[in-house]
Every structure is written in C-alpha cells, then in structure tokens.
1. Would you work out which of P333, F368, G320 lies farthest towards the positive end of the dipole of the range 296-368? Charges go on Cβ: Lys and Arg +1, Asp and Glu -1.
2. In whole angstrom, and with the biggest value first, how far do the Cα coordinates of the chain range along each principal axis?
3. Of A236, A182, F167, which is farthest on the positive side of the dipole of the range 3-282, counting Cα position, with +1 on Lys and Arg Cβ, -1 on Asp and Glu Cβ, and the Cα centre as origin?
4. With n ≥ 4 as the cut-off for DSSP H runs, can you work out [θ] at 222 nm for the chain, using -39500 (n - 2.57) per run divided by the number of residues, rounded to the nearest 500?
5. Kirkwood Rh and Cα-based Rg: tell me the resulting Rg over Rh for the range 291-334, rounded to two decimals.
6. Give me the one-decimal nm value for the distance between modelled label points at T327 and Q255, 7 Å along each residue's Cα-to-Cβ direction.
7. So, with +1 on the Cβ of K and R and -1 on the Cβ of D and E, and no other charges, what is the size of the charge dipole of the chain about its Cα centre, to the nearest 20 debye?
8. If I model a spin label at C265 and K191 as a point 7 Å from the Cα along the Cα→Cβ vector, what separation in nanometres do I get?
Amino acid sequence: MTHADIVTKPGVQKGPAFLGFGCMRLPGRESAVIRMTDAYLEAGFNYFDTAYIYEGSEEMLNKALVARHSRESYMIADKMPPWKVRSRKDCDKIFDCMLERLKVDYLDFLLVHSIDEDNERSARNADIYGWAAEQKKKGKARYTGFSFHGNNKLLRKVLDAGPEMDFVQLQLNYMDVLRGQAGKLQETVIKFDKPIIVMEPLRGGALAKLPSTAEALMKAHSPDSSVASWACRYAATLPGVTCVLSGMSSLEQMQDNIRTFSPLCPLSKEETDIIEAVLVELGKISPIPCTGCKYCMKGCPQQIEIAQCFSLYNDVKRGGQKWNLRTIYDTLPKKRRAEGCTGCGKCIKRCPQHIKIPEELKNVSKMFK
C-alpha cells in the first residue's frame, strides 16, 4: 500500500477500502499495543491515526511503532486542534510537540481536527488551513485534510473556501447514513472529488453491541461473523471511501477486524436488508448517541464522567441488567456522577455529536437514582 493509494480519487478507486488503525482507544499496556501493532502490520495494513489530544497515544505509537519499524513501512495521521490555537505560532508549537512525541520528522497525513461551526471559525481565525498547506510545501506533511462533524452547508463552505485539502475524514456508519444526515456529507465530498477516510464505523462501539433481537438477525444469517464486522463491511464499501478507521483497544478486536478486511467481502442485497431490519429494532429503543470520544469532559468544570454515565445508560437501554449496571454507576465518585451536573452547557460546544448533554445527564440520573 502506497501513500497515493489512500488519496486515490473516488472515481478511479480500485476495490473496497482497507483497515486503518485508530489510536484514540489504545490499551494502557505497552506490550498489548505492540502485539496489536505487529499483528496489524503483518496483515498488510499500515495506516495509523492519532491526534494531539489523544492523551498518551502519540507517545505509545512511538514506542510500539516508530522505535521498532522502518519509517517506510507505515503511515501516520495526526491532527491539529483548532480550539487550542490562536495563531500560526501556536500551530508551530503544537506541531513540534506532535513530532517530538512521535519521534518522526514528518507526518504522512496532517488533519485539522473536528471541524464544526465553532472550530471552523477558530481554524479560519488562526489560518490553520494555510498553515497546513505550508507544512505540505515544506515536506513536513505529505497530505492535508480535515475531520468533520458539522452540517452539509458548512462542509461545502470549507471545501469551497480553500486552500485545497487532499481528503476528508467523515463519521460514516449504517446508522448515521441510513437514519441520519451522513449520506449527504458523503455525497458532497464525492462531488468535490475528494477521497473519504471513515471514522466511527461502529459509532463509538454502539454498533458492536446490539440488543439481542437485533443481534439475532445477524447471527441467523452468519453465525460466525461478529456484529462489528457487519458495520465495518458496510462502511468499507460505501462510494468514495478509501480507508476505514477502527479504534481498537484489544488484540481480539484487532484480529476480528483483520479477518473482516482480509479480504473484505461487500455486503450482499440480503445482508443490506438485514441491516435495515436491525435499524428497525434499534429504533425501538432510545440510547444516547455518544461515541465515547470524551471531548466534552475536557470542558466540564465539574469533571462529570459523562462518557461513562452515557455508556451505562445505553447498556440498560439495550437490555443489560439494570441492578448490575447501577452497581457500576455507584462506583463512580459521587461528585462526578450525572447528578453532579450544574447545567452550565460548556460540554455541548465540544460534543461532535451535538448531544444536549445536560438534558441527557438528567435522564441518566433518573434511571440510576
């Protein structure tokens, strides 16, 4: 796999997308990350996605990947956070920190991170797009792009305004495409002739653990296939997609994904119909659409364990044993549970999914009260 393979234009894309190693949810043990990294590379894949704000991720990649494998054998994508910069000098400082943490001289893929209305404004004010283009000219980044969490109007604005980006990273999964607005974003990127890298194909793990009625539909058709593999296969065969990132946190997840992509089999018409039936089952419950990214927690003055609260709530909604999940909830520090929320709303601006977090925390509190 070469650098050019990822940024191949959708119109001339050959075959389905390949597996990218998302590094937001790495296990804490270095030995575990080394085993995952080696298994991934040995399977013929080579795209590692990290970010400046993924705490410890860049340093872990240095230990498991950079220090142990030749630079030509892998590609690294890293992301500049607009909400942390006000000028090009700030970009330079953070970029130098990225390279130092990774112990590399350049990035293969440099992204402007998590573009929505607020972050787009910050990116323009600090001229991050222009700064990124400069890094490409200097040879410090081979390709530039951005990850996106806004609406279709904003996406068109970003792609129209320039400077030109090489690719776009979108959240695409069968729930967001078939029941949300993600399909429109995908169509827009294709119209601008940009390749797509997929993030959150499992919607933060929500599509890896389904209610028993939904899972039964998949298992009846393919007993040996994991629930997660259905979501990965769906995302990988969408038009315009060249790479599907999976944020893996265990060797077992890595091995399952390698099986799914070696080789990847496109969904049949029957399997597509099964996914529609699964969505019908999911529509009968109302889980909170949290992906566990924890961006919201960075801005919470009360340090509420928002992601954990939502995860436990969703597990109950999906049929988990409420008494057991309440026990887990009660192990959280009392001041950091849902009922500790003051409703300040600072978390909402940071949420890529635009969840009304204070309102949902009230629901969590009510469930576990």
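1. Value computed over the given set: P333.
2. Principal-axis extents of the chain (Cα, largest first): 57, 47, 44 Å.
3. The residue sitting farthest along the positive end of the dipole is F167.
4. Details: 17 runs with 164 residues, N = 369.
Helices in the chain give a 222 nm mean residue ellipticity of -13000 deg cm²/dmol.
5. Working: Rg = 11.3 Å, Rh = 11.2 Å.
Ratio of gyration radius to Kirkwood radius for the range 291-334: 1.01.
6. Each label point is offset 7 Å from its Cα along the Cβ direction, giving 2.9 nm.
7. Numbers: 54 positive and 44 negative charges, 249 e Å.
For this selection, approximately 1200 debye.
8. Those two pseudo-labels are separated by 3.6 nm.
A short reminder: the numbers here are calculations on the coordinates, not readings from a lab. Remember, it's a predicted structure, so these values are computed and weren't measured experimentally. All Cβ positions, even for glycine, are placed from backbone atoms using ideal geometry, and neighbour counts span all protein chains on display.
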